[in-house]
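Structure, as structure tokens:
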Amino acid sequence: MRLSRLFTTAVAIGALLSVTACGSSDSSGSASAFGLNPPDMEAQSELGKTEGQVNLIAWAGYVEDGSNDPNADWVSTFEQRTGCKVNSKTAASSDEMVKLMKTGQYDAVSASGDASLRLIASGDAAPVNTDLVPNYEDVFIGLLNQDWNSVDGQSYGIPHGRGANLLMYNTKEVSPAPTSWSSVFDDSGPYKGRVTAYDSPIYIADAALYLRETQPGLGIDNPYALDEEQFEAAVALLKRQNANVGEYWSDYLKEVAAFKSGDSVIGTTWEVISRLAQSEGADVKAVLPEEGATGWSDTWMLSAKAKHPNCAYKWMNWIISPKVNAAVAEYYGEAPANVKACDVTSDPAFCDEYHATDESFWRDIDVWTTPIEQCLDGRTDVKCVPYSKWVQAWTEIKG
């Protein structure tokens with residue numbers, strides 16, 4: 001098992017169109033009702049002759065050809081079967097992906113939920129004909145026609161995988177075992193200097209999610225749709241938390257090291273990080289708190305300027321085919337998108353450990369989104385705080 005995404009803090013300021021999805025588990029695909037009106041484009045109606053190559057933008061670990069790890073190669077067989085040579089560019093952040101897609105030099109991208117609707121709104125992503133992707137019919141229902149990958153029922157991508165931002169704690173240092181995010185917010189005092197938090201402006205949504213459950217009077221519905229009062233409440237909570245935070249992490253290796261050494265004893269994490277820490281001897285456990293959690297979902301999106309669309313379609317179908325999707329999920333550390341992938345993972349328990357088939361688990365996960373002024377919860381009587389202000393506030397929060 002290996003975690004390959006080395007996140008850097010996603011600072012999307014001037015380049016932001018600030019449009020993305022609202023991360024609900026409802027399959028309404030109603031993003032346009034909240035101010036998103038993508039350019040009028042039609043999806044490709046049929047596959048043509050493959051063009052001989054495909055240019056991809058991806059997270060590290062998604063497009064492996066054996067050069068990094070001889071046991072991780074799902075590119076070579078694809079090239080042999082399709083005649084499409086794969087050229088890939090690894091991106092370090094969602095903002096970088098958006099900028100690269102705007103160049104028109106790439107055919108597809110593995111966009112996370114904090115980038116996908118920005119690409120749709122700008123016209124950089126094309127609608128996708130899912131009939132041309134046979135393996136799409138086996139994608140988990142919780143990933144189909146979601147607000148981060150579709151608009152008014154029109155798909156703009158092929159789901160790849162998903163993960164949750166969980167609460168990890170040192171089982172010897174933290175007692176009683178935490179069940180709420182209060183342990184890193186309102187009740188974090190006992191762990192002063194040993195609390196850790198994810199280093200990104202999008203972490204403000206974690207505070208908003210907690211406030212949604214603990215301060216209902218604020219009226220928070222979607223943690224990515226915050227009016228000024230709601231936003232200030234979340235920022236104030238994070239400023240109070242800052243006094244107890246020992247480290248904001250973006251490099252998973254540093255978080256593992258901090259929990260092993262005892263410098264950190266409680267904070268936000270990913271499932272794969274907790275398992276890596278356990279395998280290296282750390283006394284840790286990860287849980288989904290009673291308030292739910294934020295999370296991420298990645299989608300393969302087709303460029304509106306794709307020069308090799310037929311090879312791109314072939315790739316999208318290949319990457320979610322059962323054996324390949326299983327291999328990527330285990331290598332990367334995430335829940336796969338294809339139901340049948342769970343039957344062919346090398347570890348029979350993998351999908352259970354990553355909650356792949358547990359849709360009730362994912363209903364408690366609010367997927368990352370980039371906030372916009374048009375409130376994604378449907379309110380029209382107020383303006384919501386856009387992501388550019390989240391970036392500014394994050395600098396203030398960290399001091």
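Bear in mind that the values in this text are calculations on the coordinates, not laboratory data. This is a predicted model, so every value here is computed, not measured. Please note: Cβ atoms are built from the backbone with ideal geometry, for glycine as well, and neighbour counts cover all protein chains shown.
The alpha carbon gyration tensor of the stretch 295-336 gives principal lengths a ≥ b ≥ c with a/c of 1.5 or higher and a/b no greater than b/c, which makes the shape oblate. Computed from the C-alpha gyration tensor, the three semi-axes of the ellipsoid equivalent to the stretch 107-150 are 19, 13, 9 Å, from longest to shortest.
Sort Y354, Y136 by Cβ crowding within 10 Å, fewest neighbours at the top.
Values: Y354 25, Y136 20.
Starting with the residue having the fewest Cβ neighbours, the order is Y136, Y354.
Let me know the shape class of the chain, please: from the alpha-carbon gyration tensor, a ≥ b ≥ c as square roots of the eigenvalues, rounded when a/c is under 1.5, otherwise prolate if a/b is greater than b/c, or oblate. Oblate, because a/c is 1.5 or more while a/b does not exceed b/c. Here the 3J(HN,Hα) profile of the stretch 295-311, calculated from phi with Karplus coefficients 6.51, -1.76 and 1.60 at θ = phi - 60°, is x, 9, 9, 9, 9, 7, 10, 8, 5, 5, 10, 4, 8, 9, x, 5, 5 Hz, Gly and Pro shown as x. Counting only trypsin sites (Lys or Arg not before Pro) that DSSP places in a loop and that have at most 15 other Cβ atoms within 10 Å, the longest clean stretch of the chain runs over 50-171. Give the separation of the Cα centroids, the stretch 193-223 to the stretch 45-75, in Å. When both Cα centres are located, 37 Å separates them.
Looking at the chain alone, DSSP beta bridges between its own residues are antiparallel in about 60 percent of cases. Computed over neighbours whose Cβ is under 13 Å from that of A126, the net charge equals -2, Lys and Arg +1, Asp and Glu -1.
Taking the Cα centre of the chain as origin and charging only Cβ (+1 Lys, Arg; -1 Asp, Glu), how large is the dipole, in debye to the nearest 20?
The dipole of the chain has a size of about 980 debye.
Since only F259, Q230, G219 are under comparison, the one whose Cα sits farthest along the positive direction of the charge dipole of the stretch 146-260, derived from C-beta charges on Lys, Arg, Asp and Glu, is F259.
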